[in-house]
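Right, one structure below, let's go through it.
The values are calculated or read from the model by the stated rules, or taken from the named source; none is laboratory data. Source: prediction; values computed, not measured. All Cβ positions, even for glycine, are placed from backbone atoms using ideal geometry, and neighbour counts span all protein chains on display. Side chains are part of the model used for accessible areas, which takes the heavy atoms of the whole protein and leaves out ligands, DNA and RNA. Shrake-Rupley method; radii C 1.70, N 1.55, O 1.52, S 1.80 Å.
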Amino acid sequence: MSIERFLNNSVTSWMADEGEHADIVMSTRIRLARNLTGYRFPLSFSENEALQVDQAVSAVLLDAESELESTFSYIDIKGLSTLNRQVLVEKHLISPKLAHSEVTGSVLLSDDEAISVMVNEEDHIRIQCIFPGLQLLEAWHQANNIDDMLEKELPYAFDEQFGYLTSCPTNSGTGLRASVMMHLPALTMTNQMNRLVTTITRLGMVVRGIYGEGSEALGNVYQISNQTTLGKSEEDILTDLQSITEQIIQKEREARNALLNTRPNVLEDRLYRSLGVLTYARILTTEEAGRCLSDVRLGIDLGLIKGVDVSILNECMIFMQPGFLQKYAGMSLQSEERDVFRAKLFRERLQVDNNLNNEGEEPHDV
Amino acid sequence: MICENCKQRPAKVTVTQIQDGTHVQRHYCEKCAQNFHPFHLDFQQDPLSLHQLLSNWFGAPESAQVQQKQQLQPKIPPCSSCGWTFRQFLNEGKFGCAHCYESFREQLPSVFKKLHNGNVKHVGKAPGKFGHKLQLKKQIEAIRTSMQAAIGIENFEEAAKLRDEARELEKQLQSGGEPPDVN
Ligand SMILES: [Zn+2]
Ligand SMILES: [Zn+2]
């Protein structure tokens, strides 16, 4: 499998418009943190240790492909350009931390990009599975399988009291971080988010806007994940997150219905204006693109906007980021230039979609 | 100075860009600066800033008190495997190696209590051999309970049999938890 494919294609498996409650839950992610005995953690280890860990982990995974029923591609991070690293970060396939790593590290990616195993990130091993929609158990089973397989061959650092020993004490215990990415436009429009965030936090979950803490969420997309990893079983962590997610889904649906019932034409006008901006604008900042994407997505979910495919919106959400835009443009871009290219990209994608006679070519392969 | 992008909020972030070999400085507000890296789901970030939490914990009002306490306590030796001190662990908010957990075992429950909602002991998945060990321990405990019961009703023959069973399992436990027929 050519590495180029992971870099050029903005479509990735978790964006598929499928899975339960896919209109509200965009994706589900499970992450397991693991370390090997006999090597210091990446924060303090030597290049020699890094190399040994990298070889040991990748050998096991590449050996077990048939058992796992997926094929993995080994991508050496040091061998990638800064731009290509950024592209993998924008697709959520590696973390910013691994992208900036100065020692030997790698990512092993399954062909469908649903599984990524990062080696020598903050921990020796980070198993990550991303599924579209709300699929906590499915993603957990996948990650758990890979964990079982690695554990058979590699000596894990584990302690009966502290569980899986991780570099950061916020991961000790199960090493499990489960999260769901939710699109919550109606709760945001009706000013219910602040109160909801307070409640969710009190229930031991963490909520953050998609690009960091404290700031308003771009495109009304929020990530909700478990905070506690010690003293709670994997099952309990997943059950609690599932039940909180379901409650938020219900609240979002109620808010959507309320919006639709009170002033439907005002809502419809707003959503269509946003579709107009995305389709015809010549300059698009990320802020505006995020807001309009959220509106159009809501319009599709409510049945007000027809003829636009949600998966195109998902693709644009990834593609509008700086790394992808620069690959698309084929050169490095200043922020104002990016706004111009971003607008061009949206025009092309949305018009391609409107024009059903297109030949199905992929205009974004650079 | 006002943000170059939105021209509304005060500029707080200076971004240096390299353009055709020359450095260009741009001044943005925090909000706009963040937007230049949109949709960066920084999923590796810790859910709560441990550093912040720990520094609050050892924060200004308490620090004198804590320092005093630490002077009274015997000094915690650094980790013998990576050389990190407990203080270093608190400052970084990270462990240097897996052995740090052993080195700071006594201090850790109070840290974990703060981070994990009062919890200090792992519940959940364990690697195979540890899982087997835990099972053995439970089995041994159960046998001992039956043994006490047997003694209680003066069935010493049964008690002796159970004692031998428990001893056999203990031997297994000490030899690393592998049952004798495997390897
Ligand atoms: Zn600004
Ligand atoms: Zn250590």
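Quick notes
- Residue list for the stretch A:89-105, restricted to those being of a type in the set (D, E, K, R) and open to solvent by less than 10 Å² (accessible area, probe 1.4 Å): A:90, A:91
- Identity of the residue in the stretch B:116-136, in contact with a helix residue (DSSP H, G or I) (Cβ under 7 Å, 6 or more places away or on another chain) and part of a helix (DSSP H, G or I), that ends up surrounded by the fewest Cβ atoms within 10 Å (Cβ to Cβ): B:128
- Checked against the criterion of being part of a helix (DSSP H, G or I) and surrounded by fewer than 16 Cβ atoms within 10 Å (Cβ to Cβ), the stretch A:281-300 contains not a single residue that satisfies it.
- Hey, residue A:70 more than 14 Å from every other protein chain (Cβ to nearest Cβ), in contact (Cβ under 8 Å) with a residue 40 or more places away in the chain and either surrounded by 22 or more Cβ atoms within 10 Å (Cβ to Cβ) or touching a Phe, Trp or Tyr at 6+ places or on another chain (Cβ under 7 Å) (or both) or not: no
- The stretch A:26-59, residues that are away from chain B (no Cβ under 14 Å) and either more than 23 Å from residue A:163 (Cβ to Cβ) or of a type outside the set (Gly, Ala, Ser) (or both): A:47, A:48, A:51, A:52, A:54, A:55, A:57, A:58, A:59
- Qualifying residue in the stretch A:125-148 (condition: within 11 Å of chain B (Cβ to nearest Cβ), open to solvent by 40 Å² or more (accessible area, probe 1.4 Å) and not polar (S, T, N, Q)): yes
- Evaluated against (1) over 18 Å from the mean Cα position of the chain (by Cα); (2) at pLDDT below 90; (3) open to solvent by 50 Å² or more (accessible area, probe 1.4 Å); (4) within 10 Å of another protein chain (Cβ to nearest Cβ), residue A:194 falls short on exactly one condition, (4).
- For the stretch B:75-96, the set of residues classified as of a type outside the set (D, E, K, R), closer than 18 Å to residue B:112 by Cβ and open to solvent by less than 60 Å² (accessible area, probe 1.4 Å) consists of B:76, B:79, B:84, B:86, B:89, B:90, B:93, B:95, B:96, listed by residue number.
- Residues being more than 16 Å from ligand 2 (Cβ to nearest atom) and modelled with pLDDT of 50 or more - total across the stretch B:55-105: 3
- The set of residues from the stretch A:156-173 being modelled with pLDDT under 95 and either more than 7 Å from every other protein chain (Cβ to nearest Cβ) or not in a loop (DSSP other than H, G, I, E, B) (or both) is empty.
- Within the stretch A:334-366, the set of residues being open to solvent by less than 20 Å² (accessible area, probe 1.4 Å) and either within 16 Å of residue A:287 (Cβ to Cβ) or modelled with pLDDT of 90 or more (or both) comprises A:335, A:339, A:342, A:343, A:345, A:346.
- Some residue of the stretch A:235-245 being charged (D, E, K, R) and open to solvent by less than 30 Å² (accessible area, probe 1.4 Å): no
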